[in-house]
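Below is one structure, written out as structure tokens; comments come after it.
The values are calculated or read from the model by the stated rules, or taken from the named source; none is laboratory data. As the structure is a computational prediction, the values presented were derived from the model and not from experiment. Note: ideal-geometry Cβ built from the backbone for every residue, glycine included; neighbour counts use all protein chains shown.
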């Protein structure tokens, strides 16, 4: 793939001291969410988001995809990506929450679904970590 982006957000894992029983292990597996894959096959573009709670956020809190226009989402995502990449390039100043840079170009039509999920990830990220990317 030309533009394969593995977008690995920080997944919070709780490591407890002491002994662990098998009941706790099976409960933690039930609470794990599947990764959200954002892709556009015609562009060979893919983002994989591993962040506990995002799948739930996308299915319960996020406004429906039909609420937004693609133009609106593209404008918002362009601003978010610029700020994200600035922070990803400066981990000493901003910490390591931002992981990898995002390769997003305003000149490429990623489609409504990709833009929708990316925009909602930024919304989720701001709420979860109580940060503003704008």
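Quick look at the numbers
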{"read-out": "Residues (within 21 Å of residue 69 (Cβ to Cβ) and surrounded by 16 or more Cβ atoms within 10 Å (Cβ to Cβ)) located in region 113-127", "value": "114, 115, 116, 117, 118, 119, 120, 121, 122, 123, 124"}
{"read-out": "Counted residues, region 17-74 - those being modelled with pLDDT of 50 or more and part of a helix (DSSP H, G or I)", "value": "18"}
{"read-out": "Matching entry among 104, 94 (being modelled with pLDDT under 95, touching a helix residue (DSSP H, G or I) at 6+ places or on another chain (Cβ under 6 Å) and within 20 Å of residue 131 (Cα to Cα))", "value": "94"}
{"read-out": "Selected residue (only one of 131, 97 is touching a residue at least 60 places away in the same chain (Cβ under 8 Å) and part of a loop (DSSP other than H, G, I, E, B))", "value": "97"}
